[in-house]
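A.B. asks: Here it is, the structure, as structure tokens.
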Amino acid sequence: MTKAEFIDQVADRAGLTKKDAADAVDAVLETIEEALKRGSEVSFSGFGKFSVSKRDAREGRNPATGEKIQIAASNVPKFTAGAALKKAVN
């Protein structure tokens, strides 16, 4: 499902115009992004939790040449599904 398809479904289910639904979806995504930038977690009971994980610096290899390269440490977004979401999918 693309973002546009998602917005269409939100508009239909909530009885909103597509513009209002797009604004709402964008606001939710921006809020989650800003919270993660600050290092906070965003948790929706039963649905899941968005958080930030830290990856340590490590050594890797260039697959084309086999040359060793240094991969810098980084922060990566992470999503953990909640029990209700897992149950709904299965």
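A.B. asks: Which semi-axes, in whole Å and largest first, does the equivalent ellipsoid of region 41-90 have when worked out from the alpha carbon gyration tensor as the square roots of 5 times its eigenvalues? It would help to have the intermediate numbers written out before the result.
C.D. replies: Details: eigenvalues 240, 41, 5 Å².
Here the semi-axes work out to 35, 14, 5 Å.
A.B. asks: Same structure, new question: Add +1 for every Lys or Arg and -1 for every Asp or Glu among the other residues with Cβ under 9 Å from the Cβ of Ala73, and state the total.
C.D. replies: On the way: positive: Lys54, Arg55, Arg58; negative: Asp56.
Every neighbour counted, the sum reads +2.
A.B. asks: I've got another one for you. Considering only lysines 8 or more places apart in sequence, or on different chains, count the pairs in the chain whose C-alpha atoms sit under 26 Å apart.
C.D. replies: Lysine pairs meeting both conditions in the chain amount to 18.
A.B. asks: Moving on. With a cut-off of at most 10 other beta carbons within 10 Å, and DSSP calling the residue loop, which trypsin sites (Lys or Arg not before Pro) in the chain qualify? Please list them.
C.D. replies: Values: sites: Lys3, Arg13, Lys18, Lys19, Lys37, Arg38, Lys49, Lys54, Arg55, Arg58, Arg61, Lys68, Lys78, Lys86, Lys87; in loops: Arg38.
Within the chain, the qualifying trypsin sites (Lys or Arg not before Pro) (loop, at most 10 other Cβ atoms within 10 Å) are Arg38.
A.B. asks: With mean projected area of the Cα convex hull in nm² in mind, check (i) 7.9; (ii) 5.0; (iii) 8.9 and report the label derived from this structure.
C.D. replies: (iii)
A.B. asks: Give the separation of the Cα centroids, region 56-90 to region 1-42, in Å.
C.D. replies: 25
A.B. asks: While we're looking at this one, here's another question. In degrees between 0 and 90, to the nearest 10, how far off the longest principal axis of the chain does helix 3-14 point, with axes built from Cα atoms?
C.D. replies: Approximately 30 degrees, to the nearest ten.
A.B. asks: Would you be so kind as to identify which of Gly60, Thr80, Leu36 lies farthest towards the positive end of the dipole of the chain, taking Lys and Arg as +1 and Asp and Glu as -1 on Cβ and the Cα centre as origin?
C.D. replies: The residue sitting farthest along the positive end of the dipole is Gly60.
A.B. asks: For the chain, find the longest principal axis of its Cα atoms and tell me its angle to the long axis of helix 18-37, 0 to 90°, nearest 10.
C.D. replies: For 18-37 against the chain, the angle is about 40 degrees.
A.B. asks: In addition: Simple spin-label model, 7 Å along Cα-to-Cβ: Phe47 to Thr2 in nm?
C.D. replies: For the pair Phe47/Thr2, the computed spacing is 2.3 nm.
A short reminder: the numbers here are calculations on the coordinates, not readings from a lab. Small disclaimer: the values here were computed from a predicted structure and weren't measured. Neighbour counts are summed over all protein chains in view; Cβ atoms, including those assigned to glycine, are modelled from backbone coordinates with ideal geometry.
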